[in-house]
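S.K.: Let me give you the structure first, and then I'll get to my questions.
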Amino acid sequence: MPRFSANLGFLWAELPLPQAIRAAAKAGFDAVECHWPFDHDPGAVRAALTEAGLPMLGLNTLRGKPGENGLSALPGREAEARAEIDRALDYAAATGCGAVHVMAGFAQGADAASTFNDNLRYACERAADRRIVILIEPLNHHDAPGYFLRDATQAAGIIAALDRPNLRLMFDCYHLQIMQGDLTRRLRDLLPIIGHIQFAAVPDRGAPDHGELDYRHIFAAIDAMGWDRPLGAEYKPGGATEPTLGWMKTLR
Ligand SMILES: O=C(O)[C@@H](O)C(=O)CO
Ligand SMILES: [Mg+2]
C-alpha cells in the first residue's frame, strides 16, 4: 500500500513550516519534505516533526540569485555552490532530514558537466558522515528551459560515473513524463538508483486525480516493485490544500 509525503513547498505553502508539518500530520501524511526551509528556525521545525511523528525526507540547496535555479553546474560559481551545499547539509542535520537535492542550475556543455560532477563529489563526501543522501533531479524543459539536468538517462549516467553510495536520483513522475514517458519501465529499470519518487498531474501539475497519468496504475506498479517509502506529493493545490486531498483515499 503506498504511503505519502507532503511536499510543503507546494502543500500548505501559506503556513509557517512548523504549522504546515502539523497540518500534514492531521491530513494523514506519513512524511513531509520541503523546498527551501532556511528562514525557519531548525529547532522549531525539528520540534514540530517530533510532535507530529513525521520524518522530513528532503530539502533543496538554495537556487542563487533571482532567476537562477541552482548553482552546482555553473562554472566559476563553485565557492557559492559549495557554501549552499554546506548550508543545506547543516540544516538537514539539524532537523534530522534524510536527503538534500543539489540543484544544478541553468548551464550546458562540458564545463558545466565537470563542474556539476566536482560539486556533487564534494556534496557526497560532506553528506556521507552525516548519513545524508544527495539527490539529483531532472526538471522538464517547459518549466525550466536550459536547466542542466534534463532527463533520467543523463542523471543515471552521472550517478554511474561518480559511483558514490549516497548519490541517488529524484524520480519526479511529473517532470519525467513530460521529458521521456514510459514511466513504468523507467521506474523499474532505475529502481536501484532512485532515492525518492515525487508525483503530480501532467500537464498542469495539479492534484494526481486527473491528467494524462493514471496514478492508480503507477502506484500499484511501484508497490509491486517492492518500494515502500513514502511517495512525494509535489503538486500545486491552486488554493487551500485540504479540498484537493481526495486522491489520498482513492490512490491508497
Ligand atoms: O520538481 C521540482 O520542481 C522540485 O522537486 C524541486 O525541488 C526543484 O524545484
Ligand atoms: Mg520534483
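The values are calculated or read from the model by the stated rules, or taken from the named source; none is laboratory data. Please read these numbers as outputs of a predicted model, since none were measured by experiment. As a convention, Cβ positions derive from the backbone with ideal geometry for all residues, glycine included, and neighbour counts pool all protein chains shown.
S.K.: When only residues in region 224-238 that are of a type in the set (A, V, I, L, M) and within 15 Å of ligand 1 (Cβ to nearest atom) count, which is nearest to residue 4 (Cα to Cα)?
M.R.: My answer is 231.
S.K.: Would you please name the residue that is farthest from residue 229 (Cα to Cα), looking only at residues in region 37-61 that are within 16 Å of ligand 2 (Cβ to nearest atom) and among the aliphatic types (A, V, I, L, M)?
M.R.: Looking at residues that are within 16 Å of ligand 2 (Cβ to nearest atom) and among the aliphatic types (A, V, I, L, M), I get 59.
S.K.: In region 126-137, what residues are touching a residue at least 12 places away in the same chain (Cβ under 8 Å) and of a type in the set (Asp, Glu)?
M.R.: 137
S.K.: If residue 248 satisfies all but one of (1) in a loop (DSSP other than H, G, I, E, B); (2) buried (at least 17 other Cβ atoms within 10 Å of the Cβ); (3) more than 15 Å from ligand 2 (Cβ to nearest atom), what's the number of the condition it fails?
M.R.: Looking at each condition in turn, residue 248 falls short on (1).
S.K.: Which count do you get for residues in region 188-204 that are touching a Leu at 6+ places or on another chain (Cβ under 9 Å) and of a type outside the set (Gly, Ala, Ser)?
M.R.: Final tally of qualifying residues: 8.
S.K.: From the list 95, 61, pick out the single residue that is within 13 Å of ligand 1 (Cβ to nearest atom) and surrounded by 22 or more Cβ atoms within 10 Å (Cβ to Cβ).
M.R.: Among 95, 61, only 61 is within 13 Å of ligand 1 (Cβ to nearest atom) and surrounded by 22 or more Cβ atoms within 10 Å (Cβ to Cβ).
S.K.: Would you be able to tell me the number of residues in region 56-88 that are over 9 Å from residue 104 (Cα atoms) and under 16 Å from the mean Cα position of the chain (by Cα)?
M.R.: Final tally of qualifying residues: 9.
S.K.: Which of the residues that make up region 23-34 are buried (at least 23 other Cβ atoms within 10 Å of the Cβ) and either charged (D, E, K, R) or without any contact (Cβ under 8 Å) to a residue 40 or more places away in the chain (or both)?
M.R.: Hits for region 23-34 are 24, 32, 33, 34.
S.K.: For residue 135, indicate whether it is crowded, with 19+ Cβ neighbours inside 10 Å, within 16 Å of ligand 2 (Cβ to nearest atom) and modelled with pLDDT of 95 or more.
M.R.: So residue 135 fits the description; yes.
S.K.: Another question, if that's okay. Among the residues of region 152-206, which ones are in contact with a Phe, Trp or Tyr (Cβ under 8 Å, 6 or more places away or on another chain), within 12 Å of ligand 2 (Cβ to nearest atom) and of a type outside the set (Val, Ile, Thr)?
M.R.: Passing the criteria: 172, 173, 174, 196, 198, 199, 200, 205.
S.K.: Right, another one. Output the number of residues of region 2-33 satisfying the condition of being in a loop (DSSP other than H, G, I, E, B) and of a type in the set (Ser, Thr, Tyr).
M.R.: 0
S.K.: For residue 73, are the conditions met, namely being part of a loop (DSSP other than H, G, I, E, B) and either in contact with a Gly (Cβ under 8 Å, 6 or more places away or on another chain) or surrounded by fewer than 18 Cβ atoms within 10 Å (Cβ to Cβ) (or both)?
M.R.: For residue 73, the condition - part of a loop (DSSP other than H, G, I, E, B) and either in contact with a Gly (Cβ under 8 Å, 6 or more places away or on another chain) or surrounded by fewer than 18 Cβ atoms within 10 Å (Cβ to Cβ) (or both) - is met.
S.K.: Out of all the residues in region 35-44, which are in contact (Cβ under 8 Å) with a residue 40 or more places away in the chain and assigned to a loop (DSSP other than H, G, I, E, B)?
M.R.: Across region 35-44, the qualifying residues are 37, 38.
S.K.: Say whether the condition of being under 19 Å from residue 1 (Cα atoms) and surrounded by fewer than 19 Cβ atoms within 10 Å (Cβ to Cβ) is met by at least one residue in region 169-176.
M.R.: Scanning region 169-176, I find no residue that is under 19 Å from residue 1 (Cα atoms) and surrounded by fewer than 19 Cβ atoms within 10 Å (Cβ to Cβ), so the answer is no.
Residue-by-condition table, conditions (1) under 25 Å from residue 199 (Cβ atoms); (2) within 16 Å of ligand 1 (Cβ to nearest atom); (3) among the small types (Gly, Ala, Ser); (4) surrounded by fewer than 20 Cβ atoms within 10 Å (Cβ to Cβ):
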position	(1), (2), (3), (4)
1	yes, no, no, yes
6	yes, yes, yes, no
21	yes, no, no, no
36	yes, yes, no, yes
45	yes, no, no, no
54	yes, no, no, no
